[in-house]
1. Fewest to most neighbouring Cβ within 10 Å: what's the order for Cys304, Cys169?
2. Give me the net charge of Phe311's neighbourhood, meaning all other residues with Cβ under 11 Å from the Cβ of Phe311; Lys, Arg count +1, Asp, Glu -1.
3. Over all directions, average the projected area of the Cα convex hull of the range 371-493 and note it in nm².
4. Could you state the per residue volume, in Å³, of the convex hull enclosing the Cα atoms of the range 242-399?
5. Any chance you could list the semi-axes, whole Å, largest first, of the equivalent ellipsoid that the Cα gyration tensor gives for the range 51-126, using √(5λ)?
6. With a Cα-only, solvent-free Debye model of the range 133-245, what are the log10 I(q)/I(0) values at q = 0.11 Å⁻¹?
7. Applying 1/(1 + (r/R0)^6) with R0 = 35 Å to the Cβ-Cβ distance of Glu260 and Ala436, what FRET efficiency is obtained, to the nearest 0.05?
8. Extending each Cα 7 Å along its Cβ direction at Asp99 and Glu473, get the distance between those two points in nm, one decimal.
Amino acid sequence: MKYARSTRREILNRFLSGTVIGALGSLYSRSALPQAGDSGPDGTGPRVSGTVVRKGDPDYESWRRSMVFHRSKPDRYPDMILQARSVDDVQAAVRYAADNNLKVTTRSGGHNATGASLRNGGLCIDVSPLANVQIDDERQIALTQPGVKSIQLSAEAGTRGFSFPVPHCPTVGIGGFVIGGGIGLNYQSRGGFAALSIEGADIVTADGELVTATRDENPDLYWAVRGAGPGFPGVVTQYHLSVYPTPRGILASSYILPLEAVETMTRELDRLNEEKDDRVEVLAALMHSPVAAADAPPEEAKICFVTAYAFGDTVAESRSMLRPFARSALPRESIVLTEYEKLSFSGLYQFFTPDKPGGAHGRYAVDNVMTNEPGQIFIGLADHFRSTPSPINHVLGAYGMNLKQRDDSCLSSIANHYVGTFIIWQDEADDERNFAWLEEAIPVMEKYGKGHYINEVEARRHPEHIRECFSAENWQRLADVRRQYDPDGVFHTYLGYG
C-alpha cells in the first residue's frame, strides 16, 4: 500500500498533532475552569483568598466537572472544592480539612485519565492557579509551582538556555506529571523519569505546616515525592527542578509502515535499541491512519508509526545518532517517511497546539505495562487492534527508557520500556464497548509486563495495577511514610485503596 505524495505530510502532521505522541503527557483539553474571583466561604469552610465551592452550590457541578480534562467525568462528588490562590490558602484548607474530618485530594492539571483528584466526600484542593516559575541560572534549578504548564516551563527555561524533560503536550500541568514519574521530552538522557530531576519540594503536610524536602531535610518525603503519584500524603506547592543546557542540534526521523509490517518494526526497534544513544527518544505506535476512509479495510486503515528524536548538541551529532534508523529496514518498509528533520526544543510543540488537526478530546481511559519485551506486546496486539471500536484508539510504546533502581526515589525501575493502550471515544453509549476492548488488550500486555507506570493506570477498574507500579519494598516504605507524615489519614490514598 502506498500513499500519494500529497497525503504524506498530512499523515505525519495528524499523527504528531497529539493523537498519539501527546498521549504520553495526556491530550489537549478544550475545557476551561469556571471563572473564579476572590471569595471566601459564607458559612462553613476555610477562610481563604481563593474560591470555595460546596456541594449544593449552584455552580458546584460546573466546578466538579472542570476538575477532569476529558469528557467521561467520574461519578465522584467531593463535599467541597477549593481553588487556592496562595500557599497560605493551601495551608488553611488542609488545617480546615483536618479539623473537620474531611479527606483531601490535590488537583494541579486535571489530566489524570481516572480523574484521581475527584473522590466522594472530602475536600479537593485545586492548585492550578499556583503557576509561577523562577530560574536560578547559577544552580540550574527551576522553582516551579504545580500549576505551571509544560509549555510555560519550557519557555521560561528556554530563555535562559535551559530545558527540562517536560510532558509532550503543552497544556499538561507539571505538578501531577512529575510527581508520578514523568515520561517527557529527552528524559532518557536526564537520568530517566522526570521525577528524578526533582532536587527538592515545598510541601504542606497533614498538620498544615509548610516543610521543604531534600536529600538532607525530610529525606523520606523527598524519596516519596519522586514518583509516588496521586497517593502522595501532602500538597506540593513548589518543586525544585534541575534544568539542563538545551540541545542545539535536534533532529527527528519518522516512519509509517503498514500494520502487516509490525514484526519488521519490532525486530528493528529491538535491535536499534541495543545500540542507540540515550539522547535518542524512540516512540512506536499502532494507530488508525488519519487519511483512511471510514469504511477502509484494516490493511489500509491501520498502520505502525515510529519516530526517533535525536537531542544532539550539533546537527552532525544528531545525524550520526539517527543514521542507524536510516540504514535499517524501517525506511524500506515505509509507506511514508521523513528523515533528519531539524527542530528546536520549543518546536517540538508545533504539532500539539489547538489550531492543528488532532488534539483529540473525548471520553478516555488508558492502561499500561512496563516491559522488557515491547515487541512481543505490539505483535500480540496487532490482530486485536484491527477491531478497535474507535479510530482514535492507539497502542503506544517508549523504547529504551534508561531506568535504573535508585535509593533516593520510590520509582521502581522494574523494566526498561513502556507500552500503553489508549482508548478515546465520543459517545457515552460506547463506554462498555471501548472498555471491553481495553479489557481484552490488558492480558496481552501483562503477559510480557513487569509492572505499571503510575501516571497512566486504569485504577477505576484495575486498582491492583497501582500496587504493581512499585516493588514490594517501596510499597511498604510508602505506607511507612504515610503513617509518619499523615498518621490521621487527612489525605486520600490511591484510588481504590480507601
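1. Numbers: Cys304 28, Cys169 25.
Result, fewest neighbours first: Cys169, Cys304.
2. Details: positive: Arg190, Arg248, Arg279; negative: Asp277, Asp278, Glu281, Asp313, Glu317.
Its environment carries a net charge of -2.
3. On the way: hull surface 36.4 nm².
Across all orientations, the range 371-493 yields a mean hull projection of 9.1 nm².
4. Given the Cα convex hull of the range 242-399, per-residue volume reads 141 Å³.
5. Working: eigenvalues 73, 34, 27 Å².
Equivalent-ellipsoid dimensions as semi-axes: 19, 13, 12 Å.
6. -0.30
7. 0.85
8. 4.3 nm
Read-outs: derived from the displayed coordinates by stated rules, not from any lab. Just so we're clear, the structure is a prediction, and the values are computed from it rather than from any experiment. Note that each Cβ is placed from the backbone with ideal geometry, even for glycine, and that neighbours are counted across all protein chains shown.
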